[in-house]
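The values are calculated or read from the model by the stated rules, or taken from the named source; none is laboratory data. Just so it is clear, the model here is predicted, and its values are computed rather than measured. All Cβ positions, even for glycine, are placed from backbone atoms using ideal geometry, and neighbour counts span all protein chains on display. These accessible areas exclude ligands, DNA and RNA; they are computed on the full protein's heavy atoms, side chains included. Shrake-Rupley method; radii C 1.70, N 1.55, O 1.52, S 1.80 Å.
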Amino acid sequence: GSTTTITSSTAAGGSLSSGQFVAGTGVIQNQGLIQTTGSGLMLITPTTFVNQSGGIVRANAGGQVQIGDAFFNQAGGTINQAGGSFDVNGGNFLLLGTNWANEGTITLSSGLLELGGSFTRAGIGTVTRTGGIVRITGAMDNTAATLALNAATGSYQLAQNGSITGGSITSSDSSQFQLQLLGGNNNRLNNVDVGLNVLSFSAMSGRVRLQGSSTLAAGTTLNLNGVLNIVGFEQTTTLNDLAVNLSSVGSELSVVGSNTLTLGSGTTVTGAATVSITSTTTGGVLQNQGLIRSIASTLTIDPSTFTNQSSGIVRAVDSTLSIPDATTLTNFNVDTLTGGTWQVQGNATLDFGSRTIATVSTGTTVELNGANSNFAAMNALLTNHGTLKVLGGRDFAPTSGAVLNTGLIEIGSGSTFTSNLMVNGGGTLRGAGTVAGNVTYDTTGGFLEPGQVPGPAPAILNINGNLTLNANTTVNFKLDGASAGSEYAQISVSGDVTLANAVLNVTGSFVPNAGDKVFIVNNTSGNAINGTFAGYADGATIVVNGQVGTISYFGDYSTLALTGGNDVVLYNWTPVPEPGFVLAMASGVLAPWYLRRRRQRAAVS
């Protein structure tokens, strides 16, 4: 009744119960005050407990109230009726048991309010909170409802195998679900739409599993920064436009069971500690369409099966990124790397275990960027059908000593490709670094493009060996000024040069002046160039941006002379004649004068 007070002041515990000595379904109703003092423990575990109007159940500082427990078979549950009050005043207040509901008020000023057992979103009712912790450890049915965390609710904790099923969770005013282990293996979100900035993994061992149709809102950032954090996906799903930061030691992104997790477009997973992307059992599949990167960390990708799909990027930056032999890497077949982009930047290592790559297939990109970038699997390279970039001062020296290229090989400034290189099948060699070996184009054609990428901007491509072209080779030079390397592209060759009617293509913004000399091929061997570019015999004219120039294969780049050497130079620029002048030339009226004038200029130059 209303004048009754029951107080537990002993840690050994007081109890309000039913059915312990005589079987039955007892009911206890409270209109008075039930409380703890000091270190008191109060267990309220009848079959049904009803806190009626005017009734108060209070956990004072140091004490604990527990209402309900599955052990005592609370079939009737707990009801805090309208007008009733559950007060958490510094102690611990545990709502457990089956199907409890709050129709009155719950007041939390300090201490812990634990929502355990089984309950619904509506069953939580009104919680007036000025301090303390709200922790969900039970099974919450959130079907067709929204659990909105805000300044009034503050942050909640999900711990000890707590679960939420259905509906949605939203967050504002920096309030979040703080995921904690606290004795349970995994918290679960089942068929829940999880809004932006809802989940927090700042506590040690914070873990959660997403099940069923659960989704994470686009734009979500998951910061696993509390040590041994795990977010698991016990579902087949695609994550789009997410950022997952594995920044605490032992943190994991996990595929649970025989499911497939796809990191979709716009999703980035960053390892910044000793962390992993893994699967809990045989059969877990990880597919990457976004970006997986390790930064100053050790990141292991070891689900049962991993695929870096066509849009996917795997990037190691000043760190170690490993894919162990035990993981089935579908991008690797015998000795061929197929699909996706693989980047090793700075002092980084991309570790493929015992796998060795002899062939890079079409649609595959490999980037070795940095003098100490290490991708040992690539050392066995024989054939490139994809894109291979050697950048940042890297010296790439495949053990085969000869590579066939039908794709794109790009060599950055200060970098070296130490191998003989055969280019065919429409392959391209471009860049601003050095090939330490012979470069040969076969009759199936290809492209040679000296230049700094991106851009491409003009640069010098060095070939420390012989350069052999043919009639199906196209050489692209970009002219943006009169200085070799910085303003116009050049090929510098230390061995024999064979042009063999290769196609010369000159582009760029440069409008040459009369005295400009453009040395597009610097042949340092001392041997004469073999052959000419197609349609450009020695002394032939070439038109660049409205200017007519002359091509010579006997220039001397070292002295900028137009004769006495073995370099290809464009010089003697004059404006393209007006149309009327051209007609006159065609009729033979001005031809003798023009030819005489041209010889005089050539002699002066």
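The table that follows gives values for the structure above.
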item: Residue in segment 275-290 that is over 21 Å from Asn331 (Cβ atoms), open to solvent by less than 30 Å² (accessible area, probe 1.4 Å) and in contact with a Lys or Arg (Cβ under 7 Å, 6 or more places away or on another chain) present; result: no
item: Scope segment 89-126; condition farther than 20 Å from Thr143 by Cβ and of a type in the set (A, V, I, L, M); matching residues; result: Leu94, Leu96, Ile106, Leu108, Leu112, Leu113
item: Restricting segment 457-469 to residues that are touching a strand residue (DSSP E or B) at 6+ places or on another chain (Cβ under 6 Å) and modelled with pLDDT under 95, the residue that is nearest to Ser419 (Cα to Cα); result: Ala459
item: Identity of the residue in segment 535-546, in contact with a strand residue (DSSP E or B) (Cβ under 6 Å, 6 or more places away or on another chain) and either closer than 19 Å to Asp496 by Cβ or at pLDDT below 95 (or both), that ends up surrounded by the most Cβ atoms within 10 Å (Cβ to Cβ); result: Val544
item: Counted residues, segment 119-142 - those being in a loop (DSSP other than H, G, I, E, B) and in contact (Cβ under 8 Å) with a residue 40 or more places away in the chain; result: 5
item: Among residues of segment 113-128, those that are open to solvent by 50 Å² or more (accessible area, probe 1.4 Å) and within 18 Å of Ile169 (Cβ to Cβ), counted; result: 3
item: Subset of segment 341-399 (residues that are in contact with a helix residue (DSSP H, G or I) (Cβ under 7 Å, 6 or more places away or on another chain) and of a type in the set (D, E, K, R)); result: Arg355
item: Residue among Thr474, Thr498, Thr507, Thr524 that alone is at negative phi and modelled with pLDDT under 95; result: Thr507
item: Number of positions in segment 469-483 that are surrounded by fewer than 21 Cβ atoms within 10 Å (Cβ to Cβ) and either within 37 Å of the chain's Cα centre (by Cα) or closer than 16 Å to Gly508 by Cβ (or both); result: 6
item: Test: Arg293 is basic (Lys, Arg), open to solvent by 50 Å² or more (accessible area, probe 1.4 Å) and in contact with a strand residue (DSSP E or B) (Cβ under 9 Å, 6 or more places away or on another chain); result: yes
item: Failed criterion for Gly212 (all others in (1) open to solvent by less than 20 Å² (accessible area, probe 1.4 Å); (2) at positive phi; (3) at pLDDT 95 or above hold); result: (1)
item: All positions within segment 237-257 that are more than 14 Å from Arg293 (Cα to Cα), in contact with a Gly (Cβ under 7 Å, 6 or more places away or on another chain) and part of a strand (DSSP E or B); result: Thr238, Leu239, Ser254, Val255
item: Only listed residue being more than 26 Å from Asn530 (Cα to Cα) and open to solvent by 30 Å² or more (accessible area, probe 1.4 Å), chosen from Gly414, Gly426, Gly407; result: Gly414
item: Segment 178-190 - residue that is modelled with pLDDT of 80 or more and more than 11 Å from Ala203 (Cβ to Cβ) and, of those, most open to solvent (accessible area, probe 1.4 Å); result: Arg188
item: Filtered residues of segment 106-118 (kept if in contact (Cβ under 8 Å) with a residue 24 or more places away in the chain and over 20 Å from Asn186 (Cβ atoms)); result: Ile106, Leu108, Ser110, Gly111, Leu112, Leu113
item: Members of segment 528-560 that are within 26 Å of Ala432 (Cβ to Cβ), touching a Gly at 6+ places or on another chain (Cβ under 8 Å) and not β-branched (Val, Ile, Thr); result: Asn545, Ser552, Gly555, Asp556, Tyr557, Ser558
item: Where Asn185 falls short, out of the listed (1) in contact with a Lys or Arg (Cβ under 8 Å, 6 or more places away or on another chain); (2) under 18 Å from Gly125 (Cα atoms); result: (2)
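So that you can scan it fast, the table gives a plain yes or no per residue for (1) at pLDDT below 95; (2) surrounded by 20 or more Cβ atoms within 10 Å (Cβ to Cβ); (3) assigned to a loop (DSSP other than H, G, I, E, B); (4) of a type in the set (Val, Ile, Thr):
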| residue | (1), (2), (3), (4) |
| --- | --- |
| Phe306 | no, yes, no, no |
| Leu321 | no, yes, no, no |
| Ala326 | no, no, yes, no |
| Gln343 | no, yes, no, no |
| Leu350 | no, yes, no, no |
| Thr356 | no, no, yes, yes |
| Ala371 | no, no, yes, no |
| Asn379 | no, no, no, no |
